[in-house]
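Read through the structure below, which is laid out as structure tokens, and then see the notes.
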Amino acid sequence: MPVGKTVDDYLAALAPRTRDVIDEIRRIVVDEFPSATEAISYDMPTFSLAGRRIVHVAGWNRHVSLYPVPKGDSQLLADLGPYLAGRGTLKFDLAKPIPYDLIRRVIGRLGG
């Protein structure tokens, strides 16, 4: 996993497919929460609202991970089932279509 001082540095070190997916997730965060700030935390891009971290994203060779998994919405959790990869982790396989609408729901829930 690449590490940089900024999210742009982090993205620049990724393979193109991984970078494109994380860049789209970044756009979703900004669309949903224009006042969100971004930084590198735990060696990955992290988005915060009013000083509270809401979502982390990490790029790997074969997948992108999103942390944490939102709680309290049984329908959303059921929809996330195929992407659950351990406690608090969503894993999106880069060889498959990325469910951006589902990711938007996750981010909206985490920031709400």
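Quick rundown of the values:
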{"quantity": "Shape of the chain, Cα gyration tensor, a/c cut at 1.5", "calculated": "oblate"}
{"quantity": "The chain - percent relative contact order, Cα under 8 Å, separation 6 or more", "calculated": "24"}
{"quantity": "FRET E, pair Ser74, Ile40, Förster distance 25 Å, beta-carbon r, rounded to 0.05", "calculated": "0.15"}
{"quantity": "Asp9-Arg52 pseudo-label distance in nm [points 7 Å out on the Cα-to-Cβ vector]", "calculated": "2.9"}
{"quantity": "Difference of contour (0.36 nm per residue) and Cα-Cα distance, Asp93 to Arg17", "calculated": "26.3 nm"}
{"quantity": "Per-residue [θ]222 nm for the chain (sum of -39500 (n - 2.57) over DSSP H runs n ≥ 4, rounded to 500)", "calculated": "-11000 deg cm²/dmol"}
{"quantity": "Qualifying chymotrypsin sites (Phe, Trp or Tyr not before Pro) for the stretch 42-102 [loop in DSSP, other Cβ within 10 Å: at most 12]", "calculated": "Tyr42"}
{"quantity": "Estimated dipole of the chain in Debye, rounded to 20 [Cβ of Lys and Arg +1, of Asp and Glu -1, Cα centre]", "calculated": "280"}
{"quantity": "GluC sites (Glu not before Pro) lying in DSSP loop within the stretch 1-57, provided at most 13 other Cβ fall within 10 Å", "calculated": "none"}
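Bear in mind these aren't lab numbers, they're just calculated from the coordinates by the rules spelled out. Just so it is clear, the model here is predicted, and its values are computed rather than measured. Note that we place each Cβ from the backbone using ideal geometry, even for glycine, and neighbour counts take in every protein chain shown.
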